[in-house]
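Participant: This is the structure I want to talk about, given as structure tokens.
The values are calculated or read from the model by the stated rules, or taken from the named source; none is laboratory data. All of these numbers come straight from a predicted model, not from anything done at the bench. Methodologically, a virtual Cβ is constructed for each residue, glycine included, from the backbone with ideal geometry; neighbour enumeration extends over all protein chains shown. Accessible surface is based on the protein model in full, side chains and every heavy atom, while ligands, DNA and RNA are left aside. Shrake-Rupley method; radii C 1.70, N 1.55, O 1.52, S 1.80 Å.
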Amino acid sequence: MKYSLIIILLLTFSTTFSQDLEEAIYVATENFNINRTAESFSTLLKNEADFKPKIKTIDEQLAYFFLLINKGNYLDKINKQPQAILTYEAAWNIYNQQQLNTITDYDVIDYCLKPLGILYNKVGDYTNAENTIKQYIFIAEKNKNNSQRIAGAINLAQLYFTAGKFDEAIKISENGLQISGLTSPKKEKLLAIKNNSQIALNNSEATTIKTENAEVKYNLALKNKDYKQALLHLREMITEQYNNCLLYTSDAADERSS
């Protein structure tokens, strides 16, 4: 009876400690997100160093996964891409190894794999970028999520274009254009990548391209050595990008005030 009581007390203490650790990780992450500064990030790193050796249960792993996602996002925002990559990689490894998909429907594509693929692209690691994008396209297809399939097609086609793999970029763009649920802006983006790739390859189709996309018109003018028109389209591109930045800033301000 005496030993049974000791075991019950130990199990109760262990369960309480586990719940406290899980909650502490969530609270530390939330406190950081409320006020993201260099000082609060330093505090988060200290908390992480304290939490990490103590993590055992799958619920604690899930809490730590969320911490890493937010840490990676912040590192990307302050232009520390290599550290952000390592953080997102750690989060993805935990998600897989601990099979977190069995206890959460968290959108791992939008909040982990997409940012990781973009980061690989930023640092010129096209092999890992390609593998990551293909990975989340596979998950999106498995989940029958056409929106994420379309995003994957755009990102993979753009990656191939950036890497000079124009035939592959055309193929992926064409496949993406066949996915149902394609919105006008995303259709335009896929068509732009396809057209730019055709121009780069000097395909016969490039001479018949009709588009309102400034980037495509700019590349077509350059290909035809019409530098005056190219300059006009370049100015158009800069104006569009500037207006998009203003729109993004305005939307962000509206979100903060709402």
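Participant: Cβ under 14 Å from Glu205's Cβ, Glu205 left aside: what net charge do those residues give with Lys, Arg +1 and Asp, Glu -1?
Facilitator: +2
Participant: Something else now. Taking the mean number of other Cβ atoms within 10 Å as a proxy for protection, how do you rank 91-102, 54-65 from highest to lowest? Walk me through the numbers on the way to the answer.
Facilitator: Values: 91-102: 15.2, 54-65: 18.0.
Top of the packing list down: 54-65, 91-102.
Participant: In addition: What does the charge dipole of the stretch 93-177 about its Cα centre add up to, to the nearest 20 debye, if the Cβ of each Lys and Arg holds +1 and the Cβ of each Asp and Glu holds -1?
Facilitator: Working: 8 positive and 9 negative charges, 7 e Å.
It comes to approximately 40 debye.
Participant: Oh, and also: Just the C-alpha atoms of the stretch 153-237: what Rg/Rh do they give, with Rh taken as the Kirkwood radius? The partial results should precede the final answer.
Facilitator: Working: Rg = 12.6 Å, Rh = 12.9 Å.
Checking Rg against Rh, the ratio lands at 0.97.
Participant: FRET efficiency for Ile103 and Tyr126, Cβ-Cβ distance as r, R0 = 30 Å, nearest 0.05?
Facilitator: The value I calculate is 0.35.
Participant: In addition: Which pairs, out of Lys114/Lys144; Lys80/Lys194; Lys165/Lys223; Lys77/Lys171, put more than 24 Å between their alpha-carbon atoms?
Facilitator: Beyond 24 Å between Cα atoms: Lys80/Lys194; Lys77/Lys171.
Participant: Enter the accessible area per residue of the stretch 72-122 (Å², integer; probe 1.4 Å; all protein chains in place).
Facilitator: Per-residue accessible area for the stretch 72-122 comes out at 51 Å².
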